[in-house]
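Step one of this worksheet: look at the structure below.
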Amino acid sequence: MDSSSLLARIVARPHPNGVLSVLERHHLGFTAYGSGKAALRDGLESLRETDDDGNVLLPAYLPDGVVEPLFELGLEPRYYRVRQDLGPDLSDVNRRLDAETVAGLSVNYFGFSQPRFDEFGSLLAEYGCYHVDDNAHAPLSVSEGTLLGTRGDLGITSLWKLLSIPDGAVLYRNSDAARAAFEPSSIAGIRGRIDGSDCRFVVKAVATDVLESNAWLRRSTDNLLASRNDTSPVASPSDRYEAGKRPMSRLSARVLERVDARAIRTARRENYRAWHRLLADRDGLDVVRSVLPEGICPQAMPVRTSEPDRLLAALEAAGVSDAHTWPRLADSVRTDPTYATATRLAAEIVAIPIRDRPDRDAFDAALAQSARVGDSPAVERSPSSSP
Ligand SMILES: Cc1ncc(COP(=O)(O)O)c(C=O)c1O
């Protein structure tokens, strides 16, 4: 893409269905941040009543970096078990709740609403704890008329995972208690002007062509679920946390106002269906979310397999180079047999980007070349219901 068309994007008029406008229509009380972890930091800081120690319950199936704000605030991360459906093991949650628990966090993985969300919230309410709706993956997903991230007491959403922008996230203050308690810190809000880091992002983006043509829609899963970011050998989780601890870039805010949220959702849904048609009926592969409910804007297609390397190799050979297992777990989870399910899920779930439609012929040829994703060549079975 040449820089003049990039400029055209930046100076274009805000779109009536721009991402930030859509969020505003659903929810008035949100604050912008550079990253989801920064939003989580301010949210948690405002919820805790004293500076004394406290703990926060988190699903064991979670990228290691998400606990960084807790470390900074002196809160104990207390992991709870998840079940095979990625929802919480409620009896384990119950066992871990105590008088020091400030909040419990649930996650709308891959853009889909978390199983047993309401039961989890009720359990927390019994103990007088706050419920944080971690919606990092699902900025535009709406479930039964409600924008994901806007349930529970607080919610966070990562916008930079949706589009090719330098950074961007929001903190939703959902309950009266969370609204009353909230005090934004100096890392809240949108930066005053387009600055040097925005310019560097643009130069790099133009140089690497990520902003080419309609990449505003296409690239959204490139840094899929931020896990490439999270597994980068370059920066430690704490370095990445520190880098995102600032207000949202002005350039991000501009772009977010100028892209059509509905078009993004439509494109994602169509691509998800196409990937589902390709993968759903193959032995050795289990599409983790095979129903695509109305309103959901998927972030990626999660597929479970006991042979992730074979699937990844076939995808790579078919031109999909940025699929990967997800996420990189905290060491304290990986080394504790209590969390065997989360560890297994993290080893076996491959997140496939859905910015493009799959190339069936290329994928089939790649699979035929490698051994099957299982024990013998992958066989297509009779079609099942599509999402
Ligand atoms: C479930 C989940 N929550 C929170 C975050 C943090 O979001 P951010 O990278 O915007 O800080 C991530 C990042 O990947 C995530 O996967």
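A short reminder: the numbers here are calculations on the coordinates, not readings from a lab. Remember, it's a predicted structure, so these values are computed and weren't measured experimentally. Positions of Cβ are backbone-derived with ideal geometry, glycine not excepted, and every protein chain shown enters the neighbour counts.
On a full-extension model of 0.36 nm per residue, what is the gain between S91 and D336, subtracting their alpha-carbon distance, rounded to one decimal in nm?
Details: separation 245, 0.36 × 245 = 88.20 nm, distance 1.81 nm.
Here the answer is 86.4 nm.
Could you pull out which residues in the stretch 250-281 have an amide N less than 16 Å from a spot 7 Å beyond the Cα of R13, following the Cα-Cβ vector?
257-260
Over 28 Å, how big is the tail of the calculated P(r) for the chain, in percent of all Cα pairs? If you can, show how the numbers build up before the last one.
Values: 33057 of 74691 pairs.
Beyond 28 Å sits 44 percent of the P(r) for the chain.
Based on DSSP H runs of at least 4 residues, each adding -39500 (n - 2.57), what is the mean residue ellipticity at 222 nm of the chain after dividing by all its residues, to the nearest 500 deg cm²/dmol?
On the way: 17 runs with 147 residues, N = 387.
The helix-only estimate for the chain comes to -10500 deg cm²/dmol at 222 nm.
When a footprinting reagent is the concern and you count Cβ atoms within 10 Å, what order do Y61, Y33, Y127 take, fewest first?
Working: Y61 27, Y33 33, Y127 14.
Ascending number of Cβ neighbours within 10 Å: Y127, Y61, Y33.
What does the convex hull of the Cα atoms of the stretch 261-369 come to per residue, in Å³, rounded to a whole number?
On the way: hull volume 12.8 nm³, N = 109.
Here the figure is 117 Å³ per residue.
Show me the GluC sites (Glu not before Pro) within the stretch 234-307 that DSSP assigns to loop and that have at most 12 other Cβ atoms within 10 Å of their Cβ. List each step's numbers first, then the result.
On the way: sites: E242, E257, E270, E294; in loops: E294.
Passing sites in the stretch 234-307 are E294.
Across the stretch 154-167, in residue order, what do the Karplus-derived ³J(HN,Hα) couplings come to in whole Hz, using 6.51 cos²θ - 1.76 cosθ + 1.60 with θ = phi - 60° and x for Gly and Pro?
10, x, 10, 9, 9, 8, 5, 7, 8, 9, 7, 9, x, 6
Just add up the charged neighbours of L105: K/R +1, D/E -1, any other residue whose Cβ is under 11 Å from the Cβ of L105. Provide the component values of the computation, followed by the final result.
Numbers: positive: R78; negative: D133, D134, D153.
Residues close to L105 contribute a combined charge of -2.
Please compute the net charge surrounding A347, taking Lys and Arg as +1 and Asp and Glu as -1 over other residues with Cβ under 12 Å from its Cβ. Walk me through the intermediate numbers first.
Working: positive: R304, R328, R334, R344; negative: E307, D309, E348.
Charge balance near A347 sits at +1.
When Lys and Arg each count +1 and Asp and Glu each count -1, what net charge do the other residues less than 9 Å away from H15, Cβ to Cβ, add up to? Kindly include the intermediate steps, with their values, before the conclusion.
Working: positive: R13, R258; negative: E257, D260.
Surrounding charge for H15 is 0.
In whole Hz, what ³J(HN,Hα) sequence does the stretch 89-106 give by Karplus (6.51, -1.76, 1.60; θ = phi - 60°), x for Gly and Pro?
The phi angles translate into 7, 5, 5, 5, 4, 4, 5, 8, 5, 8, 5, 8, 6, 7, 7, x, 10, 10 Hz.
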